[in-house]
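Novice: One structure coming up, written as structure tokens, with questions to follow.
Throughout, read-outs are computed from the coordinates displayed, never taken from laboratory work. It should be emphasised that the depicted structure is a prediction, and the values quoted were computed from it without experimental measurement. Virtual Cβ from ideal backbone geometry, glycine too; neighbours counted across all protein chains shown.
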2 protein chains.
Amino acid sequence: MGNIFEQDLDRNLANHQPLTPLSYLERAARVYPGRTAIIHGSQKTDYGTFYRRTRQLASALAHKGIGKGDTITVMLSNTPPMLEAHFGVPMTKAVLHSLNTRLDPAIIAFQLDHAETKIAIVDTEFSKVFNEALKLAKVKPIVIDFVDTEYAEDAPHAQGPRIGELDYEAFVQSGDPDYLWSMPDDEWDAITLNYTSGTTGNPKGVVYHHRGAALMGYGNIVASGLGRYPVYLWTLPMFHCNGWCFPWTLALQFGTHVCLRWVRAKPIYDAIADHGVTHLCGAPIVMSTLINAAESDKRTFPQTVSFNTAAASPPESILAGMAEAGFEVTHLYGLTETYGPAVVNEWQDEWNLLSPSSQAVKKSRQGVRYTALENLAVLDPETMEPMPADGETIGEVMFRGNIVMKGYLKNRQASDEAFAGGWFHSGDLGVTYPDGYIQLKDRSKDIIISGGENISSIEVEDALYKFPGVGACAVVARLDEKWGETPLAFVEMKQGCTATAEQLMAHCKGLLASYKCPRHVVFEEIPKTSTGKIQKFELRKRAREIGDL
Amino acid sequence: MGNIFEQDLDRNLANHQPLTPLSYLERAARVYPGRTAIIHGSQKTDYGTFYRRTRQLASALAHKGIGKGDTITVMLSNTPPMLEAHFGVPMTKAVLHSLNTRLDPAIIAFQLDHAETKIAIVDTEFSKVFNEALKLAKVKPIVIDFVDTEYAEDAPHAQGPRIGELDYEAFVQSGDPDYLWSMPDDEWDAITLNYTSGTTGNPKGVVYHHRGAALMGYGNIVASGLGRYPVYLWTLPMFHCNGWCFPWTLALQFGTHVCLRWVRAKPIYDAIADHGVTHLCGAPIVMSTLINAAESDKRTFPQTVSFNTAAASPPESILAGMAEAGFEVTHLYGLTETYGPAVVNEWQDEWNLLSPSSQAVKKSRQGVRYTALENLAVLDPETMEPMPADGETIGEVMFRGNIVMKGYLKNRQASDEAFAGGWFHSGDLGVTYPDGYIQLKDRSKDIIISGGENISSIEVEDALYKFPGVGACAVVARLDEKWGETPLAFVEMKQGCTATAEQLMAHCKGLLASYKCPRHVVFEEIPKTSTGKIQKFELRKRAREIGDL
């Protein structure tokens, strides 16, 4: 007989449609065409217009021959075209690639070539650097200038020249507002591309799919307590993990996007007070900006504003200052590979009874999985067994679920390594507490932060390997009272070769900026996996054991 | 070259997991083990215990050999075992089949046989009727008695005898609370089975899948504005479309289920006042019960309670009474085939400025699609073209998306008909207004409601067909001032045969209860499709045109 629930009960067009965030905008525009979708300076755009413009953008792109598998690169601030691109580009089945606006020409050129960019939309704030990148790149994309008419008069720097053959506004206007976009062929199809900000070597292109972007919308709603009609201020760059997928998320709840080009205290407070902002996201630096703002820049407001932060845990003083200023801080954690935040410090009611310092300790933990992430665990990366939930035993934080990337573009090896054993390996080290909350105990594996500067351990290792006789080496962070962290090198010399710590440090100084050079060198056998991969994990433990040097 | 976004970017365990509501409970229990999940009379169950008990239930079922493709039937009220079954049964990969507790033995027996039930869990409130059904059924399921220790002292009727070989509580306790349940093999796998309440012929078994149940969770959150920690009162039967999927939905927001065996005013008001209920769902009759309650049964409460209603649009007087009593009414619409509600009357702010009667008119419209439904349209069922959005042109309401059933169990023909042309045909007739909201203009195709009694048009047609010489016939509703609707028969006699309206009506009276017999008979050619199917759609139009008879 077989399973009766598998007979004549197949997928068809009526009962199975690809998950995609594109349909969220279609719905919002149909239900609330007159509700404000975007505020940008003096401009207000309603949902009907927003949707029509995204269709115009898609139509204009399609007229240029853009379609499935093509890459559209944007170098844009948190402005309306960035929001339009998040819908208009995938409406053509193409993929949106957002450039970090702080990148230098060489990295931009690499990304353009690697992504095989067909069209680039560039804000003239960044036209000079982009133009430099074009000279270095092999690809020759069509460039479309976006000249922001709302560019602030007190801007920290002027707009650059036009460099493209097309103007963004004219390009959009050339499109058909009734363009019949189609759903993705499959929810597994790519929707966006975001490069990791590797500080050495080539960045990796993280590919998101429609399924994950759609589910992140729901995940964000639950994690951030996004009710109907949120007003969301864009302090988080949209080029960063697609703004943690909030460009799509907001349409689910008919929310209003408040654009913001630069993170400066006065415009933020003005937006909160004038537009009734309910939610914003950002790195801890945004909180400092708000708390340390000049009194004349601050505004009072009646609502409690939800502030989602990630990256580092907010210290007690900042939390207190934020609460006083009318913000409720939620601590999130994730990576580019997990569509932004995939872990939330879900706040327990009874923690409100704790002292402020104990609350800060609770708040510093990364927390529990998003609803849209199916599994989160701290595992032994060798055995893939879970570490004991004792709050002490360190393992690697791993993710499994539908808000984990498709993989790295054109980099099968990196994808295979990242997904080894059926889990996404974050490279972050952490612990699980008895209550199931996780906490990071080490930074991302390749970064050492010394005196506020990022040092790539790989870059230092590359320098060390250039010293004759170095057989294996690994550089990890060592806690340092003054500098926070300093690079500590473990070195294994080839048989018959010798070197002193001083020789190696001098060698590095000839190749690297001084702050990047190892402060200490330990000569010993380096632990490796059965496949010969260095166990940095073990070395970080070893670095803690070593103590004074 | 091909599409670079389709190379080496495949699904794997790390980035693709089946969508299922089961993981919602696992998360809730991990994050808030001590938060109250279920209140039932004097019992309170926290999330940790709820999750452990579902695993015990799953374990005990697995010990009985239950696994993928097996059916577990439950005949339960809105009590904790019903909630436990919604998770515990699918944790074994088996399918949960919920019986409407009002059914008679013959229909129950049919369902047991059709579903091939292996185990049945039966509340002793229904043990007598279930026992009758067992005598009629061919299958011989293991029967587990649930004897509710919270059975109210003022119950409208007594508990029946034990009829099973096992006791529910002992059965659960025999299971392993650490049972390692597994995710579904595929999100398309069946999770539940709900039979439509066809009043004639055999009911159809609507199969839900894990994907749809998971997405309904998110859809409900958005449609009902379910924030964190909702308190949900079970006035809606959980056997009805799995309680519109709220048994699963609540876990997403760490909500509390307040059980309720019978819809009676006093316990409802008590629950609202004592447990801080925030949400409840139910048919219009529940609203009448609340409004018309004796003053001594009413309670005051500080919160505004969200009341979701479906089926019929609430009249102005009821809406006014509900508002006065502290309820905010949302009008939803859907079918068993769409996991319950898939359409929501999304309320526009500006409607609050309308007169109460105009608000009632707006509220009476069924509305717009759920976020989790990808498409909703009023189409011409012949051409499958959309009807003009003029609020007047009637077509068939059709659904397309991920919260449409897998299909009808062991009924390929019915599934094929329901999904013809890539849309789910609801059988309901409606219009689209210029603002995109839909409104039903006719009831489900086969039901005529006369004097509050449901009449199956098919049952009447079956009777008519037994009259010699009837070639084709169709019965539709005709508006009637006194009865609401009465059955109107269109009859086409075979060539050379004749009959009078009186003869046909007398014939029907010999076969049917009097209220079911046609009040009028019209002899004329019956419009049919190219494949010979009667166009009831056209006949309903014709019935309106005919006017006085």
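Novice: Mind pulling the per residue volume of the convex hull built on the Cα atoms of the stretch B:268-307? Å³ is fine.
Specialist: Values: hull volume 2.4 nm³, N = 40.
It comes to 61 Å³ per residue, whole-number rounded.
Novice: Run the dipole for the protein assembly as shown about the Cα centre, Lys and Arg Cβ at +1, Asp and Glu Cβ at -1, nothing else charged, and hand back the magnitude in debye, nearest 20.
Specialist: Values: 102 positive and 130 negative charges, 111 e Å.
I would put it at about 540 debye.
Novice: Over chain B, what is the mean sequence separation of C-alpha contacts under 8 Å (at least six apart), divided by residue count, expressed as relative contact order in percent?
Specialist: Numbers: 1125 pairs, mean separation 53.9, N = 549.
Here the relative contact order equals 10 percent.
Novice: Taking only the C-alpha atoms, wrap a convex hull around the stretch B:78-125 and report its volume per residue in Å³ as a whole number. Walk me through the intermediate numbers first.
Specialist: Numbers: hull volume 3.7 nm³, N = 48.
Given the Cα convex hull of the stretch B:78-125, per-residue volume reads 78 Å³.
Novice: Taking H as built 1.01 Å from N, whose amide H comes closer than 5 Å to the amide H of B:Glu328, not counting residues under 5 places away?
Specialist: Residues meeting the criterion, in which the H sits 1.01 Å from N, are B:Val305, B:Ser306, B:Phe307.
Novice: To one decimal in nm, how far is B:Glu385 from the same spot in the other copies, if labels go 7 Å from Cα toward Cβ? Please give the shortest first.
Specialist: Those separations, rounded to one decimal, come out as 6.9 nm.
Novice: Right, something else. Assign unit charges at the C-beta atoms only (+1 for Lys and Arg, -1 for Asp and Glu), then state the dipole size of chain A relative to its Cα centre in Debye, rounded to the nearest 20. Don't jump to the answer; show the numbers that get you there.
Specialist: Details: 51 positive and 65 negative charges, 148 e Å.
Using only the charged Cβ atoms, the result is roughly 700 debye.
Novice: Quick one: what are the phi-derived ³J(HN,Hα) couplings along the stretch A:348-357, Karplus 6.51/-1.76/1.60 with θ = phi - 60°, whole Hz, x for glycine and proline?
Specialist: Working through the residues one at a time gives 8, 3, 5, 5, 5, 7, 6, 5, x, 5 Hz.
Novice: Could you tell me whether the stretch B:366-442 comes out rounded, prolate or oblate from its Cα gyration tensor? Rule is a ≥ b ≥ c as square roots of the eigenvalues, rounded for a/c under 1.5, then prolate if a/b exceeds b/c, otherwise oblate. All intermediate terms of the calculation are to be shown ahead of the outcome.
Specialist: Details: a/c = 2.37, a/b = 1.60, b/c = 1.48.
It is prolate, given that a/c is not under 1.5 and a/b is the larger ratio.
Novice: Cα-based count: Lys pairs in the stretch A:1-138 below 18 Å, eight or more positions apart or different chains? It would help to have the intermediate numbers written out before the result.
Specialist: Values: A:Lys64/A:Lys93; A:Lys64/A:Lys118; A:Lys68/A:Lys93; A:Lys68/A:Lys118; A:Lys93/A:Lys118; A:Lys118/A:Lys135; A:Lys118/A:Lys138; A:Lys128/A:Lys138.
So the count works out to 8.
Novice: Here's something else I'd like to know. Can you list residues whose amide H is under 5 Å from A:Ala37's amide H, if they're 5+ apart or on another chain and H is modeled 1.01 Å from N?
Specialist: Under 5 Å from the amide H of A:Ala37 lie the amide H atoms of A:Thr45, A:Asp46, A:Tyr47, each far enough along the sequence or on another chain.
Novice: Take B:His209, A:His114, A:His86, B:His520 and order them by how many other Cβ atoms sit within 10 Å, fewest up front.
Specialist: Working: B:His209 30, A:His114 22, A:His86 27, B:His520 16.
Lowest to highest Cβ neighbour count: B:His520, A:His114, A:His86, B:His209.
Novice: Report the per residue volume, in Å³, of the convex hull enclosing the C-alpha atoms of chain A. If you can, show how the numbers build up before the last one.
Specialist: Working: hull volume 103.7 nm³, N = 549.
With only Cα atoms used, chain A gives 189 Å³ per residue.
Novice: Treating the Cα atoms of the protein assembly as shown as identical point scatterers in vacuum, please give the log10 of the normalised Debye intensity I(q)/I(0) at q = 0.05, 0.07, 0.08 Å⁻¹, two decimals.
Specialist: Values, matching the q order: -0.37, -0.71, -0.91.
Novice: Quick query: amide H of A:Ala342 versus all other amide H atoms, modeled in the peptide plane; which residues come in under 5 Å with a sequence gap of 5 or more or a different chain?
Specialist: Amide H neighbours of A:Ala342, under 5 Å, 5+ apart: A:Tyr333, A:Gly334, A:Leu335.
Novice: Okay, next question. What gaps in nm, shortest first, separate B:Tyr465 from its twins in the other copies when you place the label 7 Å past Cα toward the beta carbon?
Specialist: Spacings between copies for this position, smallest first, are 7.9 nm.
Novice: Using a Förster distance of 51 angstrom, determine the FRET efficiency expected from the C-beta separation of A:Ile449 and A:His63, and round it to 0.05. Walk me through the numbers on the way to the answer.
Specialist: Numbers: r = 47 Å, r/R0 = 0.93.
Efficiency, from the Cβ-Cβ distance: 0.60.
Novice: If you don't mind, there's one more thing I want to ask. Just tell me the longest site-free run in chain B, where the sites are GluC sites (Glu not before Pro) in a DSSP loop having at most 11 other beta-carbon atoms within 10 Å. It would help to have the intermediate numbers written out before the result.
Specialist: Numbers: sites that count: B:Glu153, B:Glu165, B:Glu392, B:Glu481, B:Glu524, B:Glu525.
Here the longest segment lacking exposed loop sites spans B:166-391.
Novice: Among DSSP beta bridges lying fully in the protein assembly as shown, give the percent that are antiparallel, nearest 5. Display every interim value, and only then the final one.
Specialist: Working: 95 of 171 bridges.
Among the beta bridges of the protein assembly as shown, antiparallel pairing accounts for roughly 55 percent.
Novice: Please report how far the C-alpha centroid of the stretch B:97-163 lies from that of the stretch A:69-106, rounded to the nearest whole angstrom.
Specialist: For the stretch B:97-163 versus the stretch A:69-106, the Cα centre distance is 59 Å.
Novice: Something else: Mind running the shape call on the stretch A:22-209? Use the C-alpha gyration tensor, a ≥ b ≥ c as the square roots of the eigenvalues: rounded below 1.5 for a/c, prolate if a/b tops b/c, oblate otherwise. Provide the component values of the computation, followed by the final result.
Specialist: Working: a/c = 1.74, a/b = 1.23, b/c = 1.42.
Oblate, since a/c reaches 1.5 and b/c is not below a/b.
Novice: Restrict the search to the stretch B:127-202; then list the trypsin sites (Lys or Arg not before Pro) that DSSP places in a loop and that have at most 12 other Cβ atoms within 10 Å of their Cβ.
Specialist: Loop-located and lightly packed - B:Lys138.
Novice: Here's something else I'd like to know. Please order A:His275, B:His63 by the number of other Cβ within 10 Å, starting at the fewest. Mind showing how you got there, number by number?
Specialist: Working: A:His275 17, B:His63 14.
Ordered by Cβ neighbours within 10 Å, fewest first: B:His63, A:His275.
Novice: For a quick size check, give me the Cα extents of the stretch B:447-546 along its three principal axes, largest first, whole Å.
Specialist: 37, 29, 21
Novice: Sticking with this structure for a sec: Could you go through the stretch B:257-267 in sequence order and give the Karplus-derived ³J(HN,Hα) for each residue, using 6.51 cos²θ - 1.76 cosθ + 1.60 with θ = phi - 60°, rounded to whole Hz, and x for Gly and Pro?
Specialist: These are the phi-based 3J(HN,Hα) values: 8, 10, 6, 7, 7, 10, 7, 9, 4, 4, x Hz.
Novice: Report the Cys residues of chain A lacking a disulfide-compatible partner, meaning no second Cys Cβ under 4.7 Å from their Cβ.
Specialist: That list is A:Cys241, A:Cys245, A:Cys259, A:Cys281, A:Cys473, A:Cys497.
Novice: Would you compute, for the Cα atoms of the stretch B:214-257, the largest minus smallest coordinate along each principal axis and list the three values in descending order, in whole Å?
Specialist: Taking max minus min along each principal axis of the Cα atoms, the stretch B:214-257 gives 25, 20, 15 Å.
Novice: Using 1/(1 + (r/R0)^6) with R0 = 60 angstrom and r between the beta carbons of A:Glu385 and A:Gln303, what's the FRET efficiency to the nearest 0.05?
Specialist: Working: r = 46 Å, r/R0 = 0.77.
The pair A:Glu385/A:Gln303 has a calculated efficiency of 0.80.
Novice: With θ taken as phi - 60° and the coefficients 6.51, -1.76 and 1.60, list the Karplus ³J(HN,Hα) couplings across the stretch A:271-287 in order, rounded to whole Hz; mark glycine and proline as x.
Specialist: Result, ordered by residue: 5, 4, 6, 7, 10, x, 4, 10, 9, 8, 10, x, 6, x, 4, 5, 5 Hz.
Novice: Go ahead and collect, in residue order, the members of the stretch B:38-82 whose backbone nitrogen is under 11 Å from a label point 7 Å along the Cα-Cβ direction of B:Tyr151.
Specialist: Taking a point 7 Å out along Cα→Cβ of B:Tyr151, no residue of the stretch B:38-82 has its backbone N under 11 Å.
Novice: For the rotation bringing B onto A, which B residue has its Cβ nearest the axis, and at how many Å?
Specialist: Taking the axis that maps B onto A, the answer comes out as B:Tyr218, 2.
Novice: Here's something else I'd like to know. Counting only helical runs of four or more DSSP H residues, what would the 222 nm mean residue ellipticity of chain A come to if each run contributes -39,500 (n - 2.57) and the total is spread over all its residues? Could the numbers behind the result be given before it?
Specialist: Values: 17 runs with 164 residues, N = 549.
When only DSSP H runs of four or more count, the value is -8500 deg cm²/dmol.
Novice: A further question follows. Hey, got a sec? Which trypsin sites (Lys or Arg not before Pro) in the stretch A:1-79 land in a DSSP loop and have at most 14 other Cβ atoms within 10 Å?
Specialist: Passing both the DSSP loop test and the Cβ count: A:Arg11.
Novice: How many angstrom lie between the Cα centre of the stretch A:458-525 and the Cα centre of the stretch B:4-23?
Specialist: 40 Å
Novice: Now for a separate question. Taking the dipole about the Cα centre of the protein assembly as shown, with the C-beta of Lys and Arg at +1 and of Asp and Glu at -1, give me whichever of B:Leu166, A:Phe246, B:Cys497 is farthest to the positive side.
Specialist: Result: B:Cys497, furthest along the dipole toward the positive end.
Novice: Can you list, shortest first in nanometers, how far A:Gln7 lies from the same residue in the other copies, with each label 7 Å from Cα toward Cβ?
Specialist: 4.5
Novice: Related question: Tell me, what is the FRET efficiency for B:Ser514 and B:Ile285 to the nearest 0.05, using R0 = 35 angstrom and their Cβ-Cβ distance as r? Walk me through the intermediate numbers first.
Specialist: Numbers: r = 25 Å, r/R0 = 0.72.
For R0 = 35 Å, the calculated efficiency reads 0.90.
Novice: Write down the percent of antiparallel bridges among all DSSP beta bridges whose residues are both part of the stretch A:447-546, to the nearest 5. Don't skip to the end; give the middle numbers.
Specialist: Values: 15 of 19 bridges.
Taking every DSSP beta bridge with both residues in the stretch A:447-546, the antiparallel ones total about 80 percent.
Novice: What share of the DSSP beta bridges in chain A is antiparallel, in percent to the nearest 5? Walk me through the numbers before you get to the answer.
Specialist: On the way: 47 of 85 bridges.
Looking only at bridges with both residues in chain A, the antiparallel portion is about 55 percent.
Novice: Is the shape of the stretch B:186-289 rounded, prolate or oblate, going by the alpha carbon gyration tensor and its root eigenvalues a ≥ b ≥ c, with a/c under 1.5 for rounded and a/b larger than b/c for prolate? Mind dumping the intermediate values first?
Specialist: On the way: a/c = 2.63, a/b = 1.27, b/c = 2.08.
Judged from the Cα gyration tensor, the stretch B:186-289 comes out oblate (a/c at least 1.5, b/c at or above a/b).
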